[in-house]
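Chemist: Below: one structure in structure tokens.
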Amino acid sequence: MRVILKENVDDLGLEGDTLDVSKGYARNYLIPKGFALEATNENIKLMATQRKKIEVRRLQVKGDAEKVRDQLAELTVTISQKVGEEEKLYGSVTTMDISSQLEKQGVDIDRKKLVLEKPIKTLGEFDVAVKLHPEVTGSIKVVVVPEA
């Protein structure tokens, strides 16, 4: 089924893109959630008239993401955790922990944008990737220290 995206959808495409997706995915997820429109002749003409606005918005969002990336490069997040033998953590540091610590520092980043291959389970310094935009990725330095 052919659809036109109304918003950026991770791993699928950007706003204004026309794509072929399975019927079930389009009817049960994309269209009801408002992420896409069915690609009828009327909707294709409508999106063609809005193409310039979409391009301007894409550039503005990308520019904003680059500014946030530059701010994040200067940030260091320190998280204290209980430590057992051999400097292994009792729990682990997850994206939710990092996101809440960033919020305390005044930076609001959704935890879904933080990319951790696996939870952090040891002390030390780690670079955590932040996917701010499909074309812009930043990083944050996370320091895990023992709890006093």
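Chemist: Pick from GLN81, GLN105: which is over 14 Å from the mean Cα position of the chain (by Cα), buried (at least 17 other Cβ atoms within 10 Å of the Cβ) and of a type in the set (S, T, N, Q)?
Modeler: GLN81
Chemist: Still on this structure, I have one more. Within region 107-130, can you find the residues that are basic (Lys, Arg) and either in a helix (DSSP H, G or I) or modelled with pLDDT of 90 or more (or both)?
Modeler: ARG111, LYS112, LYS113 - these are the residues of region 107-130 that are basic (Lys, Arg) and either in a helix (DSSP H, G or I) or modelled with pLDDT of 90 or more (or both).
Chemist: Give region 3-27 a look and list any residue that's closer than 19 Å to ALA48 by Cβ and either among the aromatic types (Phe, Trp, Tyr) or over 18 Å from the mean Cα position of the chain (by Cα) (or both), or say none.
Modeler: VAL3, ILE4, GLY16, ASP17, THR18, LEU19, ASP20
Chemist: Right, another one. Taking GLY63 as meeting all but one of (1) surrounded by 15 or more Cβ atoms within 10 Å (Cβ to Cβ); (2) under 24 Å from the mean Cα position of the chain (by Cα), write down the number of the exception.
Modeler: Condition (1) is where GLY63 drops out.
Chemist: Here is a follow-up. Go through (1) surrounded by 13 or more Cβ atoms within 10 Å (Cβ to Cβ); (2) out of contact with any Ser or Thr (no Cβ under 6 Å at 6 or more places or on another chain); (3) without any contact (Cβ under 8 Å) to a residue 60 or more places away in the chain; (4) of a type in the set (A, V, I, L, M, F, W, C) and name the single condition ALA48 misses.
Modeler: So ALA48 meets the others, but not (1).
Chemist: Residue check: is GLU38 more than 23 Å from the chain's Cα centre (by Cα) and surrounded by 10 or more Cβ atoms within 10 Å (Cβ to Cβ)?
Modeler: Against the criterion (more than 23 Å from the chain's Cα centre (by Cα) and surrounded by 10 or more Cβ atoms within 10 Å (Cβ to Cβ)), GLU38 qualifies.
The values are calculated or read from the model by the stated rules, or taken from the named source; none is laboratory data. Worth saying up front: this structure is predicted, and the values here are computed from it rather than measured. Glycine also receives a Cβ, built like all others from the backbone with ideal geometry; neighbour counts cover every protein chain displayed.
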